[in-house]
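The values are calculated or read from the model by the stated rules, or taken from the named source; none is laboratory data. Remember, predicted model here, so these are calculated numbers, not experimental data. Positions of Cβ are backbone-derived with ideal geometry, glycine not excepted, and every protein chain shown enters the neighbour counts.
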Amino acid sequence: MERKKILLADDEEDIKIVVRLYLESKGYDIITAFDGLDATEVIDREKPDLILLDVMMPIMNGYEVVSHVRGNPETEHIPIVMFSAATHEGAVRKGLEAGANDYLTKPFDPSKLEDVVHKYLDGSQEPT
């Protein structure tokens, strides 16, 4: 069975390392981006199965990346889970209104991350 490809876009290297290692251990292929512009280029080229997207990134923020993804017929269907240290209701609402499918707040529990990833990949891959 083909492994699901997840784009992890975050400008914090520590977060990327921890999340990437955790999700790879669960059987997912992880590609990364370091800022919003890089994320849009990777999304357009790789067409990941899921996007994990930080809100606050250099060059383009997460909301702008969501707008880019939703505006492209080749990528508009890709589920997007935004995450941020901003926990107030307005930040969550803004992310969902921008077109994200879900929103996690940092720091997040690895099992919660795994649950949301599994949810948006339709359970078509049983994590190992």
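When the range 82-104 is filtered for residues that are at pLDDT 85 or above and among the hydroxyl-bearing types (Ser, Thr, Tyr), only 103 remains. Among the residues of the range 108-128, none is identified as modelled with pLDDT under 85, part of a helix (DSSP H, G or I) and of a type in the set (Gly, Ala, Ser).
Return the residues of the range 18-40 that are of a type in the set (Val, Ile, Thr) and over 14 Å from residue 113 (Cβ atoms); say none if nothing qualifies. Those that are of a type in the set (Val, Ile, Thr) and over 14 Å from residue 113 (Cβ atoms): 31, 32, 40. Inside the range 1-37, residues that are among the charged types (D, E, K, R) and in contact with a Ser or Thr (Cβ under 9 Å, 6 or more places away or on another chain) make up a count of 5. Scanning the range 29-72 for residues that are among the polar types (S, T, N, Q) and farther than 25 Å from residue 3 by Cβ yields a total of 2. Selection of the range 90-107 for residues being under 19 Å from residue 65 (Cβ atoms) and either assigned to a loop (DSSP other than H, G, I, E, B) or in contact (Cβ under 8 Å) with a residue 24 or more places away in the chain (or both) yields 91, 94, 95, 98, 99, 100, 101, 106. When 4, 16 are checked against the criterion of being farther than 16 Å from residue 99 by Cα and touching a residue at least 24 places away in the same chain (Cβ under 8 Å), a single residue qualifies: 4. Taking each residue of the range 22-45 that is closer than 18 Å to residue 61 by Cα and without any contact (Cβ under 8 Å) to a residue 40 or more places away in the chain and looking for partners that are in a loop (DSSP other than H, G, I, E, B) and among the polar types (S, T, N, Q) with beta-carbon atoms closer than 8 Å, six or more apart or interchain, yields 36/61; 43/75; 44/72; 44/75.
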